[in-house]
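Read-outs throughout are calculated quantities, based only on the coordinates presented, and are distinct from any laboratory measurement. In this text the structure is predicted, and so the values were computed from the model without any measurement. Cβ: placed from backbone, ideal geometry, glycine included. Neighbour counts: every protein chain shown.
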Ligand code: NI
């Protein structure tokens, strides 16, 4: 059993073959798929899919790149959607400094709002990071405090590509590391760096339709391909695929409170 904790199945890239993609996921042993939000309409589309298919779970948040234009009423809508029983997490929130540095302050402001929402609703939170790790972890630690007690904080730093030191800091802060297709890229160096992360602090992500693992690099990604991520992790951790599947699925179920 595998869990893909991060797939944007509601996007147009799945318009033509969504059912077939979900069938392929099942055949690959992927029993649960979590659907992180990008904006308010994406939460509604994710909730429709949760009604149509078993084993799907939604999240609610404004993606950091959306916060340039987002309003406080958009955030209020996200907060209201967190009451839906299909919504299992706040996500994806975070910081993205890759393309546009003109609204870092707005990104940080919305990040703090999302963290407070997760704390208030006792929900886990999924963080997106691009070239912003030091600000992201600082704000997370500031908002949650540095107490040794984990006080219920749960969540994922998804599509992790950082250093072993950064992974250790995520784990120290009470969160888990989401590993995706980049671990299979020969030139990324991530495979070596994941060896130091405890297996039980890792969950699997695809970030479908993006970041397809080898041997599908450059193609559309889909939840079935999370198996290639699990296989690569098994190789690096020198354990069986079954162990990777079992341990990462148990962690995902604990973090997201799903059965
Ligand atoms: Ni994503």
Of every Cα-Cα pair in segment 50-122, the percentage lying beyond 18 Å is 39
Highest mean packing first, using Cβ neighbours within 10 angstrom, the peptides 53-59, 124-130, 99-105 sort as 124-130, 53-59, 99-105
From DSSP H assignment alone, runs of 4+ in the chain each adding -39500 (n - 2.57), the sum over residues rounded to the nearest 500 puts [θ] at 222 nm at -12500 deg cm²/dmol
By Cβ neighbour count within 10 Å, fewest first, 31, 206, 67 rank 31, 67, 206
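Computed over the Cα atoms of segment 1-76, what is the ratio Rg over Rh, Rh following Kirkwood?
Rg/Rh for segment 1-76 comes to 1.02.
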Segment 2-256: relative contact order from alpha carbon pairs under 8 Å, six or more residues apart, as a whole percent, is 20
Segment 136-195 and segment 1-40 have their Cα centres apart by a whole-number Å value of 23
Quick shape check on segment 185-259: root eigenvalues a ≥ b ≥ c of the Cα gyration tensor, a/c under 1.5 is rounded, otherwise prolate if a/b tops b/c, else oblate, and it reads oblate
Per the C-alpha gyration tensor (a ≥ b ≥ c, the square roots of its eigenvalues), the chain is rounded if a/c is under 1.5, else prolate if a/b beats b/c, else oblate; here it's rounded
